[in-house]
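Following: one structure in structure tokens, then a few remarks.
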Amino acid sequence: MEEIKKLLKEVLNREFIRAVISSPKEKEGTAVLLECGTEPVQGILKIKVRPLEKRGELMFQLEAFTKTQAFHRNLNPEAAGEILAVVMERFGQMQLETVSQDCTVLISKKGKVTIRRKQKKIRAKAADLSHNRKKRYILEEGVKVPFLQDLGVMTQDGKIVHTRLDKFRQINRFLEFIEDILPQLDRGRELTILDFGCGKSYLTFAMYYYLHELKKYDIRIIGLDLKSEVIRHCNELAEKYGYEKLQFLEGDIADYEGVNRVDMVVTLHACNTATDYALAKAVGWNAKVILSVPCCQHEINEQFEAGETPEVLATVMEYGLLRERFAALVTDGLRAKYLESEGYETQVLEFIDMEHTPKNILLRAVRRGKTDGAIEAESRKKLEECEAFLNIQPTLGRLLSEKSRHR
């Protein structure tokens, strides 16, 4: 565990943002010592770590969860490093984030430690170190927002409707992802943003309100969806609020040709291969930013069912539920790598907590200033090898190959 001790000593400072320790070696949870001189806490399933400041001193809070309880300990950096190194002997995984890098720590059943690091092209904001911090929302409760009121999320006096609290949190979480990429958006001209599969457009209205009303960007947003009644209603609301550069159109992602230049493409819960068509369109436009929350990834699962499964995976692929989940992860993993092969710095992020929806992966891609043809060619080669091994042919790969031939 020396590698883990070294990593913790390096990252437990003011640039530390968060860590999540999971995959206990005991199915019902493991016994964890949260502080020297105390008894171990039994049945721990997951541990979250965050930094905080107490009386001017940097501390780290360990929040350990059983099935029914949560336990908290605040430790100085040295003590936190010692305890966490011991804790990792009883768990299989740690996801760790600092302002400059993401780290994944994996520990095999035989105790082999693997540490994967990925440097961030864009430094993240440092964590809020206040001890008794109140959750900061970009759209704050008590501040009246017309579109939230009309969409049933907020009351007329600015309070959040209790039954829509999850939607309110989702909207704010989405705006946090946009806040992170603001340095990539040009303030000197009108920006065009396309929202494919906008649906009822909670997030489309939130995006316009945040960027135009709060941040004063000159933007034009086009929402696209197949439901004519939804499009009509959204256009009526946009007119009501005076959102002159927010427009909703009825149409299919694959066929849309209404613009020549796009700065940001958003595709949230576009079903199955509709996500692939939206991503391919974004790449074709050289969009600076792509935000995508995929949904209903059926294509690869159907190919697994119809084709020959690699022998090494055949045993576990007999279980339909596991095959479906594996196919979804493969689909989104390949999508992220395809975007990287096209010159994007791509992150796979958690959109909202798993307890709210299993469709919680967000792909955030930012086009790099300069591309390296050799690196991108190597990335495409690895993608081809992966697809050949799994005997699959994803739509996004086909679409990007077609675009490449026509360039």
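The values are calculated or read from the model by the stated rules, or taken from the named source; none is laboratory data. The structure presented is a predicted model; accordingly, all values stated were derived computationally and were not measured. Please note: Cβ atoms are built from the backbone with ideal geometry, for glycine as well, and neighbour counts cover all protein chains shown. Each accessible area value is taken on the protein alone, full model and side chains, heavy atoms only, with ligands, DNA and RNA left out. Shrake-Rupley method; radii C 1.70, N 1.55, O 1.52, S 1.80 Å.
Under 6 Å by Cβ, and 6 or more places apart or on different chains, what pairs join a residue from region 225-253 that is over 20 Å from residue 281 (Cβ atoms) with one that is open to solvent by 90 Å² or more (accessible area, probe 1.4 Å) and modelled with pLDDT of 90 or more?
228/250
How many of the residues in region 274-318 are modelled with pLDDT of 90 or more and part of a loop (DSSP other than H, G, I, E, B)?
5
How about region 84-123: which strands (runs of 3 or more DSSP E) wholly inside it have at least 3 residues that are surrounded by 15 or more Cβ atoms within 10 Å (Cβ to Cβ)?
Numbers: elements: 91-98, 101-107, 113-119.
Those strands (runs of 3 or more DSSP E) span 91-98, 101-107.
Mind listing just one residue for me: the one in region 201-222 that is of a type outside the set (Phe, Trp, Tyr) and within 19 Å of residue 167 (Cα to Cα) and, of those, nearest to the chain's Cα centre (by Cα)? Full working, then the answer.
Step one: of region 201-222, the residues of a type outside the set (Phe, Trp, Tyr) are 201, 203-204, 206-207, 211-216, 218-222.
Then keep just the ones that are within 19 Å of residue 167 (Cα to Cα); that gives 201, 203-204, 206-207.
Working: 201: 19, 203: 15, 204: 17, 206: 18, 207: 17 Å.
Ranking the qualifying residues of region 201-222, first place goes to 203.
Which of the residues spanning region 1-15 are within 18 Å of residue 108 (Cβ to Cβ) and either assigned to a loop (DSSP other than H, G, I, E, B) or touching a Phe, Trp or Tyr at 6+ places or on another chain (Cβ under 9 Å) (or both)?
The answer is 1, and nothing else.
Which residues, taken from region 44-62, are surrounded by 15 or more Cβ atoms within 10 Å (Cβ to Cβ) and either in contact with a Leu (Cβ under 8 Å, 6 or more places away or on another chain) or part of a helix (DSSP H, G or I) (or both)? Spell out the reasoning first.
Of the residues in region 44-62, the ones surrounded by 15 or more Cβ atoms within 10 Å (Cβ to Cβ) are 44-52, 58-62.
Hits for region 44-62 are 47, 48, 49, 51, 52, 58, 59, 60, 61, 62.
Against the definition (crowded, with 18+ Cβ neighbours inside 10 Å and either part of a helix (DSSP H, G or I) or in contact with a Phe, Trp or Tyr (Cβ under 8 Å, 6 or more places away or on another chain) (or both)), how does residue 178 come out, yes or no?
The answer is yes for residue 178.
How many of the residues making up region 1-38 are among the small types (Gly, Ala, Ser), under 15 Å from residue 65 (Cα atoms) and surrounded by fewer than 17 Cβ atoms within 10 Å (Cβ to Cβ)?
Kept after step one, since they are among the small types (Gly, Ala, Ser), are these residues of region 1-38: 19, 22-23, 29, 31, 37.
With under 15 Å from residue 65 (Cα atoms) added as a condition, the list becomes 19, 22-23, 29, 31.
Within this subset, residues satisfying the condition of being surrounded by fewer than 17 Cβ atoms within 10 Å (Cβ to Cβ) are 22-23, 31.
Adding up the residues that qualify gives 3.
What tally of residues in region 60-86 results from selecting those that are within 27 Å of the chain's Cα centre (by Cα) and modelled with pLDDT of 90 or more?
Matching residues across region 60-86 total 4.
Just wondering, is there one or more residues in region 63-80 that are closer than 24 Å to residue 118 by Cα, in contact (Cβ under 8 Å) with a residue 12 or more places away in the chain, open to solvent by 20 Å² or more (accessible area, probe 1.4 Å) and not hydroxyl-bearing (Ser, Thr, Tyr)?
So the first thing to find is which residues in region 63-80 are closer than 24 Å to residue 118 by Cα, and the list is 77, 80.
From the residues that got through so far, the ones that are in contact (Cβ under 8 Å) with a residue 12 or more places away in the chain too are 77, 80.
Imposing the further condition that a residue be open to solvent by 20 Å² or more (accessible area, probe 1.4 Å) reduces the set to 77.
Filter once more, so that each one left must be not hydroxyl-bearing (Ser, Thr, Tyr): 77.
Yes, the conditions are met somewhere in region 63-80.
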